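Working notes, structure below.
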Amino acid sequence: MQHIVIIGNGIAGITAARNIRKLSDDSITVISGETDYFFSRTALMYIYMGHMEYRHTKPYEDWFWEKNRIELKRAWVSSVDFDFKKVIFSKGGDLAYDKLILATGSQSNKFGWPGQSLNGVQGLYSYQDLELMEKNTRNISRAVIVGGGLIGIEMAEMLHSRNIPVTYLIREKCFWGGILPVEEAKLIDRHILEHHIDLRVEVELKEIIDDGNGRVKAIKTKNGDTIECQFVGLTVGVHPNVDLVKDSPVESDRGILVNEYLQTNYPDVYAIGDCAQMRNHLPHRRAIEAVWYVGRMMGETVAGTITGTQTKYQPGIWFNSAKFFDIEYQTYGTVPNQLRDNENHFYWECEDKKKCIKIVFNKETNIVSGINLFGIRNRHEVWSKWLGEGKTLDYVVKNLETANFDPEFFKRYESDIQAQYNQQFPDKPISIRKKGFLEKLLT
Amino acid sequence: MKAIRFTGLILFLFSLSLFLASFFMGSYTLTHEIFSSIVKPEHQEMLRNSYEFDRPYASGITFVNHLKKGIDEINVTARAEQRWGDIIYDDYVSTLTRASATGAVTENELLFFMLIYVVGTMGALMFILPQAKLAGPPGIRHNHIFHNALNNRGWLGMLSGTLLVVFYILLYFFPAYITNWIIIVNPVQKLLNPSASSGQWFLYGFLYTFAVIVMGFRMLVKYRHSRYQVFRTISVMFFQLAFAFVIPELLVRLNQPYFDFKNMWPLDYDFFDAWHINMLTQSGGLGIFMFAWGITLFVIGVPVFVYFFGKRWYCSWVCGCGGLAETAGDPFRQLSDKSTEAWQIERLLIHGVLVFGVIMTILVLYNFFGEDFYFAVNKWTVLAFPAIIGAGLFFFHRKKFPYMKGGKVRNVIVGIVGFFTLGAAFSEVSVFAKYMPVDGNNFNFSSGNIRTMYGFMIGSMFSGVIGTGFYPFMGNRVWCRFGCPLAAYLGLVQRFKSKFRITTNGGQCISCGNCSTYCEMGIDVRAYAQRGQNIIRSSCVGCGVCSAVCPRGVLNLENQNEYGRFNQPISLGNVNKII
């Protein structure tokens, strides 16, 4: 029986622990300084907004861990003695391991802005960040958020729920411009404005100004504007947390380098989740993917290797989802923000300008490589199959109904989408979906 | 807009205060005329000396207490002297109070009705409707629910829960005290059926419908982005208003039996009572039809509809209890307990009630068709029996109760004490004695007694006082989840033979917990969703809120081929899945 120590109780570390338990009788210890129990990091915003309390974000009841013999240790790890296989805690003491899994997650980026360490300036990643934000945003009259990405818009929504006016600075032309194509990004821009967020695109932060007491008083932008605020959310992305392997025999680049078995260069040390960087990533994936699902899948995979079944990390098609205020987003496959030479796209937008789909396909073969959906839910399973089988645009548009995952009675847009397709691509027309009796009756 | 909301709130609070104040209003004078017109001649002699006539009482409570005392004294003496024929069973207290009431409320029924219900509705709607504009674009708006004193068991929640419980106790057991409230809804009773005058059940039906309709509008505004929620809400509003409230009253007006076409056994537990069967079968063609309809609904309607749509066709689209839960109860849905422990208690309780209801009905029918069913059991045997079962349950299931850290001995003691207390609750020292007569050292079990006990324990206490009164404490489906025998029956069909399931969307779940938090039935939806497993639970009423609150589009209510309904947990994404 080996002792497996996992640093980090996020989705990656916990999934690894659970799956190791399913596969073996090894003794397992999960260490975290953040919280006693695993909670859903993605739900932090809902705690702040009062949709849930912390206890609701714990996916397993507290007795689960003891029942499954997963030891939980609340402590911060200061360093790891890789030669002697020991984890050393910041408050003293150590813990020996046979195998070590590093699942240390990410840290918020800060790009050396003047004043970035002032009180009232923060990112949002950990539970401690949430507590800090609760404290930092009490009785303030304006907040500035810097960075047009997922955490930035979440923060905007959080602050908005407390009626705190928000100025939202985005470096790109539109929201999440590094990922989203311009049509979709504009759609979200409109929605952000609809929620009365003071959105300012193509504006960069220059410096954060001290009020004399070590607290933020205002910010200056690169175009020379000064915006008074008592809170600054720095949400300009995250980077892998590699603190524990710096100056150690374990190799790291931006992240902790791992092979396809999620092993580091050092024996019996593995890295999974946000902190891991694939040495040779698959062509349709990135080397570092700091998303929930990757953490989960890596946790599932590493459990196999650790318990004796060498298992390659082989993620399927890329998928992701998010919710921007009220607009849900799902994506399957690859939809780049700018089309590559051999690519073309089919874009449909609903009359209400709040729903759209974008399908990217190969110009010559018509084979579809990915879809973005806003305000419409589609089935992961169906898209996984279509993309795996190399379905063409006409097939996909014709069969969109099969992929729809919207609740019953929701207005369906397949026929609109198909009509637009026929208009745009008259040489390969498809038959248009007929509405059912009930649907006609109710819509 | 904000001013409209504020005014609305003030108006509503005014109406609510007036409603509460009207409880204390008026004076009561019993006259000889009233007395002799209401009390049966054979009782007049006995009661006459107990009452003071022509004395005005300023307090309804004192008045009612005096009336009750008079009757109680006679009954106590009659029992002691075993003069069974002299016991008074008639509810003179309510009728005499009603007739003796004078003062502002009695003289101005309509005015009070307007000030309380019409102004109250206006106020409530002024408060609710502007949210369509004020709360931002359509979408999930659960901001600050857990910061709110009403929604998260704060002082406001505690206060409203207490008021509800008190209301239910008065309504069910002491209706004479709420005579003024009953009088105030009389104008509506007259409108629907001029020859009737309102009673406690009319008041209840009216308030119930009122709550469903007004809070239904709140639901429509809140979920205006979800057509599933909109249609469902309109459906429960319609069924409550038409089927449960208006149609039965109109039937009575047309000299037909009072009948709610959407209610059915075993929720409608008096369906097979002798008086009910007789009333229906002796009321001509329509009565016979009602009787056949009632039976068809639960014999054929339930299995067929549940097979195609799941139990939601009833529980969250048609049912009155469901209707109230989904409208007035919506602000409390997040308070249901999601723990495994709660699920275990739920299964024990709800199926226990179903068994109890079925046995009770069989006994009642046996009595109807055959001879009286009767046996006496020694008191101590009755008390010991559940204690033994309890001890056994806790002993053999101790591993399923991981939260019970104690050892075997402790669990067994808990079992014995718990169930003994339950047994003792039926002993002569408690209020239950009234519903479970004890004769010397014996409990008398007869179909009548068991029926009465069911009515008291399940029909009144569980479904009413606890079921609705506990909304602000334990969520809006306490009754539906822990007690409703019809829900248990629908649930069994749903679990074993139905096309209905909630499907999860591949690997998109982020375990955030919104679905579980807002599941009114206390299902830990996330536990399934994060594993990619279909949610098939007998308790799921298909309200669709988990799907609505999911930020990643993971959950969907579907009726599909039965094949593959119980799927293996698969969360997509990993090609090389080893488990």
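Whether any residue in the stretch B:516-529 is assigned to a helix (DSSP H, G or I), within 17 Å of the chain's Cα centre (by Cα) and under 26 Å from residue B:151 (Cβ atoms) is what I want to check.
Looking through the stretch B:516-529, none of the residues is assigned to a helix (DSSP H, G or I), within 17 Å of the chain's Cα centre (by Cα) and under 26 Å from residue B:151 (Cβ atoms).
Give A:245, A:201, A:144, A:216 a once-over and let me know the one that is more than 21 Å from the chain's Cα centre (by Cα), within 30 Å of residue A:280 (Cα to Cα) and modelled with pLDDT of 95 or more.
Sole residue among the options that is more than 21 Å from the chain's Cα centre (by Cα), within 30 Å of residue A:280 (Cα to Cα) and modelled with pLDDT of 95 or more: A:245.
Please enumerate the residues belonging to the stretch B:56-69 that are of a type in the set (Gly, Ala, Ser) and buried (at least 21 other Cβ atoms within 10 Å of the Cβ).
The answer is B:60, and nothing else.
List every residue pair whose Cβ atoms lie under 8 Å apart, where the two residues are 6 or more positions apart in sequence or sit on different chains, the first residue falls within the stretch B:44-67 and is farther than 18 Å from residue B:175 by Cα and in contact (Cβ under 8 Å) with a residue 24 or more places away in the chain, and the second residue, located anywhere, is acidic (Asp, Glu) and surrounded by 14 or more Cβ atoms within 10 Å (Cβ to Cβ).
Filtered contacts from the stretch B:44-67: B:46/B:86.
Can you tell me which residues in the stretch A:26-47 are more than 10 Å from every other protein chain (Cβ to nearest Cβ) and among the hydroxyl-bearing types (Ser, Thr, Tyr)?
If the condition is that a residue be more than 10 Å from every other protein chain (Cβ to nearest Cβ) and among the hydroxyl-bearing types (Ser, Thr, Tyr), then A:27, A:29, A:32, A:35, A:37 are the ones that fit.
Tell me, which helices (runs of 4 or more DSSP H) wholly within the stretch B:233-344 include 3 or more residues that are closer than 27 Å to residue B:559 by Cβ?
Those helices (runs of 4 or more DSSP H) span B:284-296, B:302-309, B:312-315, B:320-327.
Please determine whether any residue of the stretch A:131-138 is farther than 18 Å from residue A:227 by Cβ and either buried (at least 19 other Cβ atoms within 10 Å of the Cβ) or among the aromatic types (Phe, Trp, Tyr) (or both).
yes
With respect to the numbered conditions (1) buried (at least 23 other Cβ atoms within 10 Å of the Cβ); (2) more than 19 Å from the chain's Cα centre (by Cα); (3) away from chain B (no Cβ under 11 Å), which one is the sole condition not fulfilled by residue A:268?
The one condition residue A:268 does not meet is (1).
Looking only at the stretch A:292-343, which residues are more than 8 Å from every other protein chain (Cβ to nearest Cβ) and in a helix (DSSP H, G or I)?
Answer for the stretch A:292-343, where residues must be more than 8 Å from every other protein chain (Cβ to nearest Cβ) and in a helix (DSSP H, G or I): A:294, A:295, A:298, A:299, A:302, A:305, A:306.
Among the residues of the stretch A:78-95, which ones are surrounded by fewer than 12 Cβ atoms within 10 Å (Cβ to Cβ) and at negative phi?
A:83, A:84, A:90, A:91
Which of the numbered conditions does residue A:23 fail, given that it passes all the others? Conditions: (1) touching a residue at least 24 places away in the same chain (Cβ under 8 Å); (2) more than 24 Å from residue A:309 (Cα to Cα); (3) within 9 Å of chain B (Cβ to nearest Cβ).
Among (1) touching a residue at least 24 places away in the same chain (Cβ under 8 Å); (2) more than 24 Å from residue A:309 (Cα to Cα); (3) within 9 Å of chain B (Cβ to nearest Cβ), residue A:23 violates only (2).
Would you mention how many residues in the stretch A:34-64 are part of a loop (DSSP other than H, G, I, E, B) and under 17 Å from residue A:12 (Cβ atoms)?
Here the count works out to 9.
Out of the residues in the stretch B:227-240 that are more than 14 Å from chain A (Cβ to nearest Cβ) and in contact with a helix residue (DSSP H, G or I) (Cβ under 6 Å, 6 or more places away or on another chain), which is farthest from residue B:140 (Cα to Cα)?
B:240
Is at least one residue of the stretch B:559-572 assigned to a loop (DSSP other than H, G, I, E, B), more than 10 Å from chain A (Cβ to nearest Cβ), under 25 Å from residue B:337 (Cα atoms) and in contact with a Lys or Arg (Cβ under 8 Å, 6 or more places away or on another chain)?
yes
So residue B:541 clears everything in (1) in contact (Cβ under 8 Å) with a residue 60 or more places away in the chain; (2) crowded, with 22+ Cβ neighbours inside 10 Å; (3) within 25 Å of residue A:331 (Cβ to Cβ) except one condition, right? Which one?
(3)
List the number of the failed condition for residue A:365; all other conditions in (1) among the polar types (S, T, N, Q); (2) crowded, with 16+ Cβ neighbours inside 10 Å; (3) over 16 Å from residue A:421 (Cβ atoms) hold.
With (1) among the polar types (S, T, N, Q); (2) crowded, with 16+ Cβ neighbours inside 10 Å; (3) over 16 Å from residue A:421 (Cβ atoms) applied to residue A:365, the lone miss is (2).
Working only within the stretch B:464-492, note down all residues that are among the basic types (Lys, Arg) and part of a helix (DSSP H, G or I).
B:481
Restricting to the stretch A:344-355, and then to whatever is touching a Cys at 6+ places or on another chain (Cβ under 8 Å) and not charged (D, E, K, R), can you tell me which residue is nearest to the other protein chains (Cβ to nearest Cβ)?
Only one residue tops the list, namely A:350.
Of all residues being over 27 Å from the mean Cα position of the chain (by Cα), part of a helix (DSSP H, G or I) and modelled with pLDDT of 75 or more in the stretch B:346-380, which is surrounded by the fewest Cβ atoms within 10 Å (Cβ to Cβ)? Just the residue, please.
Looking at the filtered set, the residue picked out is B:369.
Would a scan of the stretch A:370-392 turn up a residue that is closer than 30 Å to residue B:534 by Cα, out of contact with any Leu (no Cβ under 9 Å at 6 or more places or on another chain), within 14 Å of chain B (Cβ to nearest Cβ) and part of a strand (DSSP E or B)?
Scanning the stretch A:370-392 turns up at least one residue that is closer than 30 Å to residue B:534 by Cα, out of contact with any Leu (no Cβ under 9 Å at 6 or more places or on another chain), within 14 Å of chain B (Cβ to nearest Cβ) and part of a strand (DSSP E or B).
Surrounded by fewer than 22 Cβ atoms within 10 Å (Cβ to Cβ), part of a loop (DSSP other than H, G, I, E, B) and either not hydroxyl-bearing (Ser, Thr, Tyr) or not assigned by TED's automatic domain parsing to the domain that holds residue B:348 (or both): does that describe residue B:495?
Taking the combined requirement at face value, the residue does not satisfy it.
Quick check on my filter: what residues within the stretch B:481-524 are more than 11 Å from chain A (Cβ to nearest Cβ) and β-branched (Val, Ile, Thr)?
B:493, B:523
Enumerate the pairs (first residue in the stretch B:137-151 and within 17 Å of residue B:161 (Cα to Cα) and more than 7 Å from every other protein chain (Cβ to nearest Cβ); second residue anywhere and hydroxyl-bearing (Ser, Thr, Tyr) and part of a loop (DSSP other than H, G, I, E, B)) with beta-carbon separation below 7 Å, excluding pairs fewer than 6 apart on the same chain, so at least 6 apart or on different chains.
none
Tally time: how many residues in the stretch A:100-126 are aromatic (Phe, Trp, Tyr) and touching a Pro at 6+ places or on another chain (Cβ under 9 Å)?
0
Just to be sure I understand the filter: pairs with C-beta atoms under 8 Å, separated by 6 or more residues or on different chains, first member in the stretch A:406-431 and closer than 19 Å to residue A:352 by Cα and away from chain B (no Cβ under 14 Å), second member of a type in the set (D, E, K, R) and assigned to a loop (DSSP other than H, G, I, E, B). Which pairs pass?
A:414/A:433; A:415/A:433; A:415/A:434; A:415/A:435; A:418/A:433
Which condition does residue A:69 not pass, out of (1) under 24 Å from the mean Cα position of the chain (by Cα); (2) basic (Lys, Arg); (3) within 14 Å of chain B (Cβ to nearest Cβ), if it passes all the others?
So the condition that residue A:69 fails would be (1).
Take the conditions crowded, with 23+ Cβ neighbours inside 10 Å, in a loop (DSSP other than H, G, I, E, B) and either away from chain B (no Cβ under 11 Å) or not hydrophobic (A, V, I, L, M, F, W, C) (or both) and apply them to residue A:104. Does it pass?
yes
Residues in the stretch A:410-418: is at least one in the same structural domain as residue A:344 (by TED's automatic domain parsing) and on the phi > 0 side of the Ramachandran plot?
no
The values are calculated or read from the model by the stated rules, or taken from the named source; none is laboratory data. This one's a predicted model, so the numbers in the text were calculated from it and none came from an experiment. Note: ideal-geometry Cβ built from the backbone for every residue, glycine included; neighbour counts use all protein chains shown.
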